[in-house]
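Just so it is clear, none of the values below were taken in a lab; they were calculated from the coordinates. Bear in mind the structure is a predicted one, so any value in this text is a computation, not a measurement.
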Amino acid sequence: MTRPLTAAQRRLIEAADPGTGRLKGTEAQLTALVKRGLVFRHPRPPHDHFLTPAGHRAREAAQAQAEPSEPSEPSEPSEPSEPQAPASTGGVFAARAGGEPVPPAAEGPARTREVRSAWQGMLELRRMTNPDASTDRPCAWERTHLVQAAALALEAAGHRPAGAAEGEDGYRVRETSQPDAVAVHAPDAPTLRACVETLEASGWQAGEYTEPRTRRRYVLASPRRV
């Protein structure tokens with residue numbers, strides 16, 4: 001399991017610019033955050049460092065913990081002031097690829113807000129890192145985190161991920177033998193087609209194929225480059 005953030009790392013993330021995610025620190029501090037997937041180094045000079053979508057979520061979670069929670073109305077059930085990320089990701093956001101043995105801590109409206117925020121962060125990451133500032137196609141981070149990137153696009157569009165229990169149908173995003181593609185499985189043809197439409201609208205190339213042995217249909221998707 002990933003180690004929790006140190007106090008110094010939390011302070012660094014909390015001090016990041018709320019709009020751009022730009023942050024400053026020593027080379028060692030920034031390198032450590034890059035290795036954890038919370039920060040990326042801009043490829044163009046002056047090679048500044050910015051929060052990734054996971055970094056934005058970590059910053060928001062840290063800020064929420066520092067703020068006093070407001071008392072809820074007696075007639076309404078209480079709701080967490082900030083959704084907590086799955087423990088398996090070390091306290092940062094992770095999109096659901098489907099079939100996870102441990103569901104995310106946040107569910108319902110809280111999870112919806114969390115996913116929406118992560119998707120907005122991804123669009124900002126595209127704008128900051130694509131050479132032409134385009135947000136309609138995946139960026140370099142997505143190309144190196146294919147499963148998470150495709151899963152985020154699907155979950156942000158409202159598709160339901162598969163549960164861990166037998167019979168809990170939904171989409172499942174999985175790695176493939178191809179270095180630049182993922183496979184997406186769904187319980188039926190309409191759901192599979194809807195996944196194709198979402199991925200294409202999110203900047204992916206997607207097509208339906210048939211597994212030779214099982215004859216089941218699946219989607220093969222890869223990030224669009226142009």
Tell me, in nm to one decimal, what length is gained between Glu197 and Arg215 on full extension, where the rule is 0.36 nm per residue of separation less the Cα-Cα distance? 4.3 nm
Amide H proximity to Trp204 below 5 Å, modelled H, separation 5+ or other chain, gives Arg224
In terms of modelled amide H atoms, which long-range or inter-chain residues lie less than 5 Å from the amide H of Arg160? Tyr171
